[in-house]
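J.: Got a structure for you, written out below as structure tokens; questions coming shortly.
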Amino acid sequence: MFALDAAKGFLAAASPVPLARVAGVAAGTDTLLAATIAGGLAAILGHVFSPWLRFRGGRGVATSLGVFLALIPVPTLLVFGLWVLLVLLTRRVSAGSIGAALAYPFLAFYLLRGDPPRVLLCAISAGVALLVILRHKANIQRLLAGTEPPILGPKRGGAS
């Protein structure tokens, strides 16, 4: 599911590029940037607030990964590496997701120096990070209580 959700986000954000070429819109234009952002945000919001699931969808981590891979790949690949590291260290996907969401806007701000849409992209990444963190509210409570189950290995307090 993770790979499919990431692919969904990537395709939603990347699909305006070939369509713009067919329509004759030049690469790097504000119109094309707006279309890629709109497509990406629609995929994230549609995943998190799915009308098919009574507006209760997923947490948006994988879909956001795909969207931001299409928009700004370098900071996204770096924060994905951070996510992997945190998951390996904590054995909890939620800890990796929350840590990566917290770090992403700052990493993007630092690495996008000199890019004209820097402020816009960082504001959007901060909004998406906030959404991801809010969707992890129950996980945060379990992490603080020490009851969040690990992804591998024996569950806490039980035999396996």
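The values are calculated or read from the model by the stated rules, or taken from the named source; none is laboratory data. From a predicted model like this one, the values you see are computed outputs, not experimental measurements. Methodologically, a virtual Cβ is constructed for each residue, glycine included, from the backbone with ideal geometry; neighbour enumeration extends over all protein chains shown.
J.: Can you name the number of the only condition in (1) in a helix (DSSP H, G or I); (2) closer than 19 Å to residue 133 by Cβ; (3) more than 11 Å from the chain's Cα centre (by Cα) that residue 62 fails?
T.: Condition (3) is where residue 62 drops out.
J.: Do you know which residues across region 49-61 are surrounded by fewer than 21 Cβ atoms within 10 Å (Cβ to Cβ) and touching a helix residue (DSSP H, G or I) at 6+ places or on another chain (Cβ under 8 Å)?
T.: 57, 58
J.: Has region 9-17 got at least one residue that is under 20 Å from the mean Cα position of the chain (by Cα), assigned to a loop (DSSP other than H, G, I, E, B) and more than 17 Å from residue 131 (Cβ to Cβ)?
T.: yes
J.: Next question, about the same structure. Any idea which of 89, 85, 69 is touching a helix residue (DSSP H, G or I) at 6+ places or on another chain (Cβ under 9 Å), among the aliphatic types (A, V, I, L, M) and closer than 25 Å to residue 33 by Cβ?
T.: 69
J.: Out of region 73-125, which residues are hydroxyl-bearing (Ser, Thr, Tyr) and under 12 Å from the mean Cα position of the chain (by Cα)? Write out each step before concluding.
T.: In the first step, residues of region 73-125 are kept if they are hydroxyl-bearing (Ser, Thr, Tyr); the result is 76, 90, 94, 97, 104, 110, 125.
Listed by number, the residues that qualify are 76, 97, 104, 125.
J.: A further question follows. Is it the case that some residue within region 48-57 is β-branched (Val, Ile, Thr), touching a residue at least 40 places away in the same chain (Cβ under 8 Å) and in contact with a Lys or Arg (Cβ under 9 Å, 6 or more places away or on another chain)?
T.: Yes, that holds for at least one residue.
J.: So, one more: Determine whether region 64-81 contains at least one residue that is out of contact with any Pro (no Cβ under 6 Å at 6 or more places or on another chain), farther than 15 Å from residue 125 by Cα, buried (at least 20 other Cβ atoms within 10 Å of the Cβ) and modelled with pLDDT of 95 or more.
T.: no
J.: Just one of 94, 125 is in contact with a Leu (Cβ under 7 Å, 6 or more places away or on another chain), modelled with pLDDT of 95 or more and among the hydroxyl-bearing types (Ser, Thr, Tyr); which is it?
T.: Residue meeting the stated conditions: 94.
J.: Follow-up question, since we're still on this one. Just one of (1) without any contact (Cβ under 8 Å) to a residue 60 or more places away in the chain; (2) surrounded by fewer than 18 Cβ atoms within 10 Å (Cβ to Cβ); (3) touching a helix residue (DSSP H, G or I) at 6+ places or on another chain (Cβ under 8 Å) trips up residue 151, so point out which.
T.: Every listed condition holds for residue 151 apart from (1).
J.: Which of the residues that make up region 18-36 are out of contact with any Leu (no Cβ under 7 Å at 6 or more places or on another chain) and in a helix (DSSP H, G or I)?
T.: 18, 19, 21, 22, 23, 30, 31, 32, 33, 34, 35
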